[in-house]
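Scroll down for the structure; my scribbles are underneath it.
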Amino acid sequence: MIGSKVLAFAGGVAMLSTISLAWTISGTVVTEAGVGIPQVDINSFNYAGIGTQSDAMGNFTLSNDNGMALDQNLSRQVSVRYSGNILTMEGLNAQAMKVSLMDALGKVVYSKEFREMRGTLSLDLSKYAGQRTTFLRISSNGSNSTYMLTAKGALLKEGDPLASFMFSKAGYDNLNYTMAAEVETGVRIVMKATTQANNTGISSSSGYIPFGPGMDKSSSSVVAGSSSSTVTSSSNPGPSQQSSSSVAPASSGNDTQATVTVDCSGKTAKVGDKQNMSVTVDGKQRTFIMHIPNAYKGDKPVPLVIDYHPIGGSGNGEFGSSPYKAKTDPEGVITLYPDGTSKPGGMGNGWNVGPCCSNDDDVKFSYAMIDKLKEIACIDPQRIYATGFSMGGGMSNHVACMMSDVFAAVAPAAMDLNKTNSAACKMSRPISVINFRGTNDPVCRYQGGDSGFNDGLNFLGAEGTFKFWAEKNECQGSPTKNSNGCDEYSNCKDGTKVVLCTKQGGGHDYGDASIGWPFLKQFTLPASFVK
């Protein structure tokens, strides 16, 4: 199994890390006595909208094999499937495209260019089926997407994280599990009955399922083989063109009509799909991906968007999954995809939005990334925004509170503010916020509340977070429905707005970037805050 190991190709053809994507997991949920538990809710923290319930015997199967989106330069609608040695690409809309196959050593065994590709393209790869591993690279408009085709016929994409799950049922302690390989069978999940001794007042019977990052790996023990594992819940879980340009602000405010002059000369950043970057924070190297689209010319300042990944994810994974890049790329917007860090025994990379998930200062990290970009790229310091999914949504809510002196607006999805950390902040100024939430989100409950894991996480809930931001921004009157059907406070201090887009019956997902990005770019940071 390749799992989360790093593969290096000869000649620098490619480097894939945390590869996984057509993953499958199956197993049984049982009591401590070994009896199958039916109707256990099983939901993924880091794959939007994926979940199931155990059957009458406690058995379950989950997979993610529905094809994957290609690079946005091909088309927003393109998907790739590999089945029966036939590679199929659907929804193509590219003027020029090159498809290459490489073996594990990086040797190109097939390469063909296509012009004016529209619709569907199918390739018979039977000739290469005998190879244990084949890598597929699709190039279009100077941008690449790299996939791995396994002997099993699975289609895997660079940068996608392994899946993490929450197991939850009334009367039992919630339990988390993270896959260690792309195919796992015979997984045995042992859930403990909730007892008064470990009940924090809101047990799993409340229906609240915290957002993955809230769980520390101490909440389970894992004994894993190559394809099977046992997980037992614990009673004590924890969590370079030279020019200058003036930018006119797009929204009202005390001094947003002031013009900030940005000198674009001497900036070294160049157009590039995924550029690995780093900064040093508190003596530790922190990493992130910088994406500069083809529309960036370097002759005028452009917006910057920081996009935070979910728990157990990575900047690379978020780069491939986030819907915002498709909206921002045509406008030359630079996007950053930072890597979170994990606590010892944690669930993988996350963000320090509470005592649960990371010991590193992610606010300081975010400041450092922004300072780095100001040095090398022509960005507009009045148009810096944040977004993110799941725990990344929590982080974008968090920086709105902690970093309103640099972010003009934020668009979190699928997670709210934590009462004991994020919501305790003292803001520098009002800030516009749009939150995307689903009423049936099984991972971060719409109603909020204590996680029940003694991890210090207690959420305001979707409506509570909405009211929090309205109070912080000194909004007047009652919210109304805007043109997108979202609830909006529009009469707020300094021209800010607070919006909650609720999807009735919606689950744990990214929200709607076609609403989120137009909202964000309305707003600018007041000139007095620009350093």
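Values quoted throughout were computed directly from the atomic coordinates according to the rules given, and no laboratory measurement underlies them. Predicted, not measured: the structure shown is a model, and the values here were computed from it. Cβ: placed from backbone, ideal geometry, glycine included. Neighbour counts: every protein chain shown.
Annotations for the structure displayed:
- Highest average first, the peptides 457-468, 288-299 ordered by how many other beta carbon atoms sit within 10 Å of their residues are 457-468, 288-299.
- At the listed q of 0.12, 0.17 Å⁻¹, the Debye profile of the stretch 285-354, built from one uniform point per Cα, gives log10 I(q)/I(0) equal to -0.36, -0.63.
- Cα radius of gyration and Dmax for the stretch 244-529 (Å): 17.7, 54
- Integer Hz, Karplus 6.51/-1.76/1.60 couplings in order for the stretch 463-479, x for Gly and Pro: 6, x, 5, 4, 5, 4, 5, 5, 5, 4, 8, 6, 6, 10, x, 9, x
- Equivalent-ellipsoid semi-axes for the stretch 335-492 (Cα gyration tensor, √(5λ), whole Å, largest first): 24, 22, 13.
- Two-site FRET efficiency, ASP282 against THR420, from Cβ-Cβ distance with R₀ of 25 Å, rounded to 0.05: 0.65
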